[in-house]
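Comments concern the structure below.
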Amino acid sequence: MIRLGVNIDHVATLREARDGNEPDPVWAAAQAELGGADGITIHLREDRRHIQDRDLRILKETVTVKLNLEIACEAEVCEIALSTRPDQVCLVPEKRQEITTEGGLDVAGALASVTSLCERFAAAGIDVSLFIDPDEEQIVAAAKSGAQSVELHTGGYATASGADQAELDRLIQASKLVREAGLILHAGHGLNYQNVGPVAAIDEMQELNIGHSIIARSVFIGLEKAVRQMKELISTGLPPTRRF
Ligand code: PXP
């Protein structure tokens, strides 16, 4: 069964809009777990625009499912990850001006440094996932790096027009390569209740990380229910219908 990691950054974004203490992502994580989340994902950005160090510390104590920490390959956040010890780090590229993570990590172009980071995280007992575009060159490099998993960037698929099968085919081909390379396959970015079906139906898929669409729906129906609906969609492997 495909695992669902729920990204709760957007709850922290709302809190930071008023520079206050609500809504609390710690509450969000508990609600997501009640809805059946298999993991909680947070991104500790260098500019701390949403998730704060305090959130990571408390979530490390309170989350009972997998805690996945997204970070850039930068010393400060890597040291924090090494001392906090989430279950997994997902290495992502980060640009100050972007609204959200834009492209995949260039593992092929930075193989030596990514490999040495993977070694340090492995020594600390932390799994590493690499957020990459569905490109063969990046998959081959990821397999050499020592990472356990890759998360294929589904942004291209999610923003393509509905009739465009090419982006889905690209994900399907890349998924095969990932599994042939002996890596665990995750995917995420831009997935929602309408477009998740074909990605969840990819044979090799093991985990999806989804944030914006779940948090958006939670405003109207509550987070527990929004997670439950997504979990049901991905675990039944239904095609994208208007069911929810
Ligand atoms: N995976 C990664 C690596 C991300 O950076 C993000 C966005 O923070 C997500 C998944 C979730 O994307 P979305 O919020 O569009 O579902």
Selection count where residues are crowded, with 23+ Cβ neighbours inside 10 Å and assigned to a loop (DSSP other than H, G, I, E, B), scope the stretch 189-201: 2
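So that you can scan it fast, the table gives a plain yes or no per residue for (1) of a type in the set (A, V, I, L, M); (2) more than 19 Å from the chain's Cα centre (by Cα); (3) at pLDDT 95 or above:
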position	(1), (2), (3)
Val114	yes, no, yes
Glu119	no, yes, yes
Ile126	yes, no, yes
Asp133	no, no, yes
Ala142	yes, no, yes
Gln148	no, no, yes
Glu151	no, no, yes
Ala160	yes, yes, no
Failed item in (1) without any contact (Cβ under 8 Å) to a residue 60 or more places away in the chain; (2) not charged (D, E, K, R); (3) not in a loop (DSSP other than H, G, I, E, B), with Leu208 passing the rest: (1)
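When you look at Ile99, is it β-branched (Val, Ile, Thr), within 14 Å of the ligand (Cβ to nearest atom) and surrounded by fewer than 16 Cβ atoms within 10 Å (Cβ to Cβ), yes or no?
Numbers: β-branched (Val, Ile, Thr): yes; within 14 Å of the ligand (Cβ to nearest atom): yes; surrounded by fewer than 16 Cβ atoms within 10 Å (Cβ to Cβ): yes.
Yes: the conditions hold for Ile99.
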Inter-residue pairs, beta-carbon under 6 Å, first within 18 Å of Gln88 (Cα to Cα) and in the stretch 134-148, second assigned to a helix (DSSP H, G or I) and not polar (S, T, N, Q), 6+ apart: Ser145/Val114; Ser145/Cys118; Gly146/Cys118; Ala147/Cys118
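Can you find a residue in the stretch 71-82 that is within 26 Å of Ala112 (Cβ to Cβ) and without any contact (Cβ under 8 Å) to a residue 24 or more places away in the chain? Lay out the reasoning, then the answer.
Of the residues in the stretch 71-82, the ones within 26 Å of Ala112 (Cβ to Cβ) are 71-82.
This time we only want the ones that are without any contact (Cβ under 8 Å) to a residue 24 or more places away in the chain, so: 75, 79.
Yes, the stretch 71-82 has at least one match.
The values are calculated or read from the model by the stated rules, or taken from the named source; none is laboratory data. Predicted model, so just to flag it, every value in this text is computed and none were measured. Virtual Cβ from ideal backbone geometry, glycine too; neighbours counted across all protein chains shown.
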